[in-house]
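See below for the structure under consideration.
The values are calculated or read from the model by the stated rules, or taken from the named source; none is laboratory data. Everything quoted here is computed from the prediction, not taken from an experiment. When we count neighbours, we look across all protein chains shown, and the Cβ atoms used for this are built from the backbone with ideal geometry, even at glycine. With ligands, DNA and RNA removed, areas are computed over all heavy atoms of the protein, side chains included. Shrake-Rupley method; radii C 1.70, N 1.55, O 1.52, S 1.80 Å.
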Amino acid sequence: MARLVAQGKYIFEDGRKFFARGVSYGPFAPNSRGERYPEPERTAADFAQMRELGANLVRVYVPPPAWMFDAAHKAGLRLMVGIAWPLHMAFLDSRDMKRDIRATIRDGVTQMRSFGDAIFAFSLGNEIRSDIVRWHGPRAVSRFLADLYDSGKSIAPDALFTYSNYPSAEYLGLGFLDFVSFNVYLHNDADYRRYLTHLLASTAEQPVVLSETGMDTIRNGEEQQAELLARQARAAFEVGLSGFIVFAFTDEWHTGGAEISDWAFGLVTSDRKPKRAFGAVAEAFHGELPPPLTATPRVTVAVPAYDAAAILAPCLESLRALNYPDYETIVVDDGSNDDTAAVAERAGARVLRMEHKGLGMARNAALEAASGEIVAFLDADARADRDWLYHLVEARTRRDAAAGGGPNFAPSASGSLSAALAAAPGLPREVRAGDADLAQLCGCNMAVRKDALVSTGGFDPLFTAAGDDVDLSWRLADGGATVAAVPGAVVIHERRATVRAYLAQQAGYGAGEGLLYRKYPYRMSTSGGIYGASGWLDALLGGARVYYGAFGRGLFQSLYPGSGLPPLGELPLSAVWVAACVLLFLGGSANQMYGTLGRLGLAITIASAIVGALRAPLPRGASSIPTRAWLALLFLCGPLVRSFERERTKWLLDFGRSDIARGARAGFEPSGAVVLKRDVAGAQIEPAPMLESMRAALVRRGLAVAVTDGFQEYDLEIVLPPGLRIPINAIRRPDGRLALRWRVKIAARRALAAAAIGLVVLAVAGLGAAEALAAVFLGGVSIGALALARAWRLPGAILAAASDAGNEFGLRAEETGDEW
């Protein structure tokens, strides 16, 4: 048997996925040799029966004798070996106990490492009680387990190490393990699948093995046990787990110095007579893994590519090896200047060529050409796991979801810089909306039902580099569609190779966020905003909190991994903060306090970058000091570039010459009206599609435009900094015309709040009351002048947008001043 390797979300043997199919074994009453196992003959017969079951793994809770490793190897079984120590005690309170536990782990691994071929993994413990975890604190317990892991790994570096956790202590940080094991006893199918999905998502890149599950036949009967375990075995592998271990092989169970006779979890009785569950589990274990899907709709895999000749071949090679019976691959060559199309053709993919129009248009071209019922999207610099499509289709079909998406992980790092780039801030990711749903898809790994895509209008061509996936997610959610989380659908996504390329990527993401603000100005700052912020306070403080429950025994309490610093910690890394600090620093010649505040603000910026670099989880094997030094640079520069481009895109107006000319002729007016009419008298005009078209025309001109949800006084509202709001109302007149009226409003409360904050800041800076009031007044006048300078072009832009929208529907727009 070859050595096993944990890589990404799965375990591999000789390059092929290894799915652990196991049973627990023991503990037993001591045999004639004092070993807590049956006699060798009995064990050999049990192992033969396990092979008949289809098992390839046996979980044991105490280190086995040497002869048992030999018996397992002969039977083609691997052992998941538990090393027992006093988990039920407050072990961190005693220095001697900690020393003894470390020695137990070292001695156990040393004695057993020679049996490596027969060992699936070493288990460093099983269910540290949740009240013990709370007593010591989860961080302290995690650090101690990490210390045990390091001790074992130093002795057997090629072996896999795990720890079997359980729901009441799932908030323990176990990211250092080779894979995570969980003991889960949930008998409701929906809860069970949802919880396994939650576990896969909360464990990031680590494989997950279900290390215990079962049902007592004394209380539930053999029929219920058989039905439950058959369903659960199938569900575990459908969702994406790497292993499924039934508790237990036999009803014979001895612990605490006594035989347990009131529970009967075994697949066989104490005298080894198979129960009904034995045959049900055997059918699952002997079958194809993952189990065959009940429905396999045709899928189109779309790969948008621009100048991707150097990176496209591995992507297409991974797609050719997919474990799915009916799919096609389309590469959309988005006006490349290299041999992208030739590479795709040599790989056997269908190629669509188009002028360079950006990501949104490339994806729409694939959508139009797709023959599949489902369209899956993969980036050209990503490689799909063999079962990528399997898991996307399974989740979509089972949940009747409109879309689904999975995670993307970085490949193995080749040096300190590549490790830092794999852990840098701002990398693409999906955003969760609970255990089984997503709030936002990630475009490098998503699948959408074609009819759902078409009904939402496809991808917005406004997004040429990033943001189209978030825009689509929000439109799907607004339509009531389900967007499923599929953590088993894994892709390996290459990170940028240089700091310059990383900063260019962040600039593109920042521009995408700016465009999202134009389309959703209020959504970006309130509940349901980009990247899942649930409100201004949560966005500011990153205020998620874990409650451990009464006596530390509450269930299902872990949080999903964050992206690094909380938003409050990211504020000093933003372009606005840095610009303000630089201005204060330069103003130090006029007032020493300004210079001091500027230097303090810049020092906070550097400190935030260092803290972010120290907190970021590193890829396995990364050299800590040089990698974190690179990370500090990336934390300093990446958010700065991204936020600058975001703000620039948010507020950069893109009026054409005709818009400006119209605005100059009209002059600035606080209100106005436009009438749209057909050449045919009496023809009715539907307001909704016209307003959506007008909104798109305004957004193209760089304006942020909100749309009503039915509870506002406006139909559209232009949001113009600083503090201007221009509501647009539409009414269908009896003569068939559509009238649009707009007026400028000032956000007085925001202005007063800004003035109050300015006064406080200036007072802290040492200015007197008169000076502070004068400074705030001058600032207000300057901001008002800036607002007017931006607003004078609005009449022309509104009329031009109305004309654009009208032309789309065969209408003519006429300005009517302030008259309806």
So S418, is it over 19 Å from the mean Cα position of the chain (by Cα), touching a residue at least 40 places away in the same chain (Cβ under 8 Å) and either over 20 Å from P617 (Cβ atoms) or open to solvent by 30 Å² or more (accessible area, probe 1.4 Å) (or both):
yes
Looking at T397, is it touching a Ser or Thr at 6+ places or on another chain (Cβ under 8 Å), open to solvent by 10 Å² or more (accessible area, probe 1.4 Å) and among the β-branched types (V, I, T)?
yes
Number of the exception - A706 against (1) in contact (Cβ under 8 Å) with a residue 12 or more places away in the chain; (2) surrounded by fewer than 18 Cβ atoms within 10 Å (Cβ to Cβ):
(2)
Starting from residues that are of a type in the set (S, T, N, Q), under 24 Å from D451 (Cα atoms) and modelled with pLDDT of 95 or more, keep the ones in the range 291-322 and report whichever is most open to solvent (accessible area, probe 1.4 Å).
T296
Subset of the range 84-106 [part of a helix (DSSP H, G or I) and open to solvent by 20 Å² or more (accessible area, probe 1.4 Å)]
L92, D93, R95, D96, M97, K98, R99, D100, R102, A103, T104, R106
Need at least 1 residues that are surrounded by fewer than 22 Cβ atoms within 10 Å (Cβ to Cβ) and among the polar types (S, T, N, Q) per element, so show me which strands (runs of 3 or more DSSP E) inside the range 123-239 make the cut, counting only ones lying wholly within it.
180-183
Looking only at the range 94-130, count every residue that is in contact (Cβ under 8 Å) with a residue 40 or more places away in the chain and of a type in the set (D, E) and tell me the total.
2
Is it fair to say A485 is open to solvent by 40 Å² or more (accessible area, probe 1.4 Å) and over 30 Å from I610 (Cα atoms)?
no
Can you find a residue that is buried (at least 18 other Cβ atoms within 10 Å of the Cβ) and in a loop (DSSP other than H, G, I, E, B) anywhere in the range 268-277?
yes
Take the residues in the range 540-582 that are farther than 18 Å from R615 by Cα, at pLDDT 85 or above and not hydroxyl-bearing (S, T, Y); name whichever of them is nearest to the chain's Cα centre (by Cα).
A575
Residue pairs qualifying under the 6 Å Cβ cut-off, at least six apart or on distinct chains, with the first in the range 482-501 being of a type outside the set (A, V, I, L, M) and the second being in a strand (DSSP E or B) and open to solvent by 10 Å² or more (accessible area, probe 1.4 Å), are H493/N408
Only one residue in V109, V81 is at pLDDT 95 or above, under 19 Å from S181 (Cβ atoms) and in a strand (DSSP E or B). Which one?
V81
Any residue in the range 610-629 that's surrounded by 14 or more Cβ atoms within 10 Å (Cβ to Cβ): show its pairings with residues that are part of a helix (DSSP H, G or I) and among the acidic types (D, E) at Cβ separation under 9 Å, as long as the two are six or more apart or on different chains.
G612/E570
Name the residues in the range 356-380 that are modelled with pLDDT under 95, open to solvent by 30 Å² or more (accessible area, probe 1.4 Å) and not in a helix (DSSP H, G or I), would you?
H356, K357
Within the range 452-464, which residues are part of a helix (DSSP H, G or I), without any contact (Cβ under 8 Å) to a residue 60 or more places away in the chain and open to solvent by 10 Å² or more (accessible area, probe 1.4 Å)?
S455
So, in the range 421-448, of the ones that are part of a strand (DSSP E or B) and open to solvent by 20 Å² or more (accessible area, probe 1.4 Å), which residue ends up farthest from G488 (Cα to Cα)?
A439
Breaking point among (1) surrounded by fewer than 22 Cβ atoms within 10 Å (Cβ to Cβ); (2) in contact (Cβ under 8 Å) with a residue 12 or more places away in the chain, for L389
(1)
